[in-house]
1. For a quick check: sort B:127, B:50 by the number of other beta carbons within 10 angstrom, fewest at the front.
2. Per residue of region A:127-136, in order, report the coupling 6.51 cos²θ - 1.76 cosθ + 1.60 (Karplus, θ = phi - 60°) as ³J(HN,Hα) in whole Hz, putting x for Gly and Pro.
3. Sum -39500 (n - 2.57) across every DSSP H segment of at least 4 residues in chain A, then divide by the residue count to get the 222 nm mean residue ellipticity, nearest 500.
4. Give me the percent relative contact order of chain A, please, defined on Cα pairs under 8 angstrom at least 6 residues apart.
5. Please compute the length gained on full extension between residue A:45 and residue A:205, using 0.36 nm multiplied by the number of residues separating them and subtracting their Cα-Cα distance.
6. As a check on your grasp of the helix formula, calculate [θ] at 222 nm for chain B: sum -39500 (n - 2.57) over DSSP H runs of n ≥ 4, divide by the residue count, round to the nearest 500.
7. Please report the net charge: other residues with Cβ closer than 14 Å to the Cβ of residue A:203, K and R +1, D and E -1.
8. With each label point set 7 Å from Cα along the Cα-Cβ vector, what nm distance links residue A:89 and residue B:111?
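The numbers here are math on the coordinates, done by the rules we state, and not lab data. Everything quoted here is computed from the prediction, not taken from an experiment. Every residue, glycine as well, gets a Cβ built from its backbone with ideal geometry; the counts of neighbours run over all protein chains shown.
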Amino acid sequence: MGLDFSVVPSFMNFLLLGTVWTIAITAAAALLSFFGGVLFAVIALYAPMVVRLPFRLFEWLFMGTPLLLQLFLIYFGLVELGIDLPAFVAGVIGLGLHFAVYNSELIQTAILAVDKGQMEAARTLGLSRTQALVRVVIPQAVRDVIPPIGNNMIALLKDSALVSVIGVSEITLSAQLAIGRTYRAFEFYAAAAALYYVINLGMEAVLRRVERRMQLSR
Amino acid sequence: MDFALIRQVYPYFLDAAWVTVQLSVLTTLLGLVCGALGAAARLSRFRGLRIAGAAYVSLIRGTPALIQLFLLYFGGPQVGINLDAFEAGVVGLGVNIGAYMTETMRGAIIAVDKGQSEAARTLGLSRFQAFRKVVLPQALRLMIRPLGVNINALIKGTALVAAISVVELTYTAQRYIGSTYKPFEMFMLAGILYLVMITATGKVIAALDRRVRLP
C-alpha cells in the first residue's frame with residue numbers, strides 16, 4: 001500500500017475539530033499548571049513542615065514517573081474513589097498537575113531570587129506577610145519566569161497527545177478514528193503531526209513576542 | 001493498600017521493568033548517535049548540512065513523540081519500513097531524544113571559548129584536530145549534566161511505547177489497573193520502579209560529572 005494523501009481533505013473538518021479540542025485542553029491545562037505552580041511554590045517555600053513534607057513526596061513522585069502512568073492513575077483512580085469525571089476533565093487535571101510541579105520548581109527559584117529588600121520594604125509599609133508575598137514578591141518572580149514557563153507550555157502542547165489514550169478526541173484520537181475508517185495510517189499521522197507543528201510554531205512566535213516585551217519593560 | 005495483591009503481581013512488574021531498562025539503554029545509545037550527528041550537521045561548514053540538521057531538530061521537537069511513534073509503527077509499512085513494536089519503540093524514541101541531545105551537544109560545543117580553537121589552529125593543528133583534541137574534550141565535560149536531564153526525560157518517555165503495545169512497565173501497570181481495579185496499588189508499584197531507575201541513573205550521571213569536573 002503506497003501513499004495516497006487524497007483521502008485526507010475529506011476528513012479535514014474532523015481533524016480541525018480535534019485541533020480545537022487540543023487547543024482547549026492545552027489552554028485549560030496551561031492555566032491550571034500556572035496557578036497550580038504558583039500555589040505549589042508557595043507551599044514548598046512557606047508552608048509548615050506537616051504540609052511541606054507530604055508535598056515534597058508528591059512532587060518527587062510526579063517528577064519521577066511518566067505522565068502516561070499519571071494519566072491512568074487519575075482517570076481510573078478517581079473512578080475508584082467514586083468520582084466519575086469526563087475524560088477531558090481528567091486529562092486537564094493530569095496534564096495540569098504534572099506541569100504545575102515543573103512550573104513550581106521554576107517559580108520557587110524565581111521567588112528566592114527576588115531581592116530581599118522588596119519584602120522588607122513592603123512589610124515596612126504595613127503590608128502583612130501574605131499581602132507582601134501576593135502583591136510584591138510573586139508578581140516580580142512570575143515576570144522573570146515567563147520564558148521558561150512558556151517552554152513548559154510548548155512541551156505541554158506536545159504531551160497533550162497522550163490524553164488520546166484516555167479517550168479525549170483531540171488531534172491524535174481524531175487521526176486514529178480517521179485511520180480506522182480508511183486504513184491510511186501514514187497519511188493521517190503525518191497530517192496530525194503537521195497540525196501540531198503549526199500550533200507549535202504559533203506558540204513559539206507568541207512566546208518570543210512576550211519575551212521581547214518583557215525585556216523592554218525592564 | 002492491598003499488599004497481598006501487590007505481592008502477587010510484583011514479579012510481572014519486575015519483568016516489565018527489565019524491558020523498560022533495555023528500552024532506555026538502547027534508546028540512549030541511539031539518541032547519543034543521532035545527537036552527535038545532528039550537532040555535527042548543525043555546526044558544519046556546509047549550508048546544506050546545517051539546514052538538514054536544523055530541520056531535524058525543528059520537526060522532531062515541534063511534534064509529539066507519540067505521533068512520531070505511531071507514524072513509524074503504523075505508517076512505516078506503507079513506505080517499506082517494517083519494524084516490530086519494540087524496534088519501532090527504540091528507533092522512534094531514539095530519533096526523538098536525539099533531536100534534544102543535538103541541541104544539548106551543540107550548546108556545549110559552542111560554550112567552549114573560541115580562543116581555544118583559534119590557539120590550536122595557530123599552533124598548526126588542522127580544523128579537525130583542533131576540534132577533536134582541544135574543543136571536544138572540554139565540551140564533553142560541559143555536556144554530561146544536561147545530557148543527564150535528557151536521559152531522565154527519556155526514561156519517563158519510554159512509557160509511550162505502551163501505546164504501541166510493548167509490554168513494558170506502564171503497559172503492565174495499565175493492564176493490571178484494568179483487570180484488578182486497584183489503580184493506586186498498581187501506580188505505586190510501577191512508580192517505585194521508575195523512581196529507582198531514575199534515581200540510580202541520576203546518581204551515575206552525578207558521579208560521572210564529579211569525576212570530570214575541573215577543580
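1. Numbers: B:127 11, B:50 14.
In order of increasing Cβ crowding within 10 Å: B:127, B:50.
2. 6, 6, 4, 5, 4, 4, 5, 6, 9, 10
3. Details: 9 runs with 171 residues, N = 218.
My calculation for chain A gives -27000 deg cm²/dmol from helical runs alone.
4. Working: 211 pairs, mean separation 66.6, N = 218.
Relative contact order of chain A: 31 percent.
5. On the way: separation 160, 0.36 × 160 = 57.60 nm, distance 3.31 nm.
Full extension of this stretch gives 54.3 nm more.
6. Details: 9 runs with 168 residues, N = 215.
When only DSSP H runs of four or more count, the value is -26500 deg cm²/dmol.
7. Numbers: positive: A:158, A:208, A:209, B:61; negative: A:159, A:204, A:211.
Surrounding charge for residue A:203 is +1.
8. Going by the 7 Å Cα→Cβ label model, 4.5 nm.
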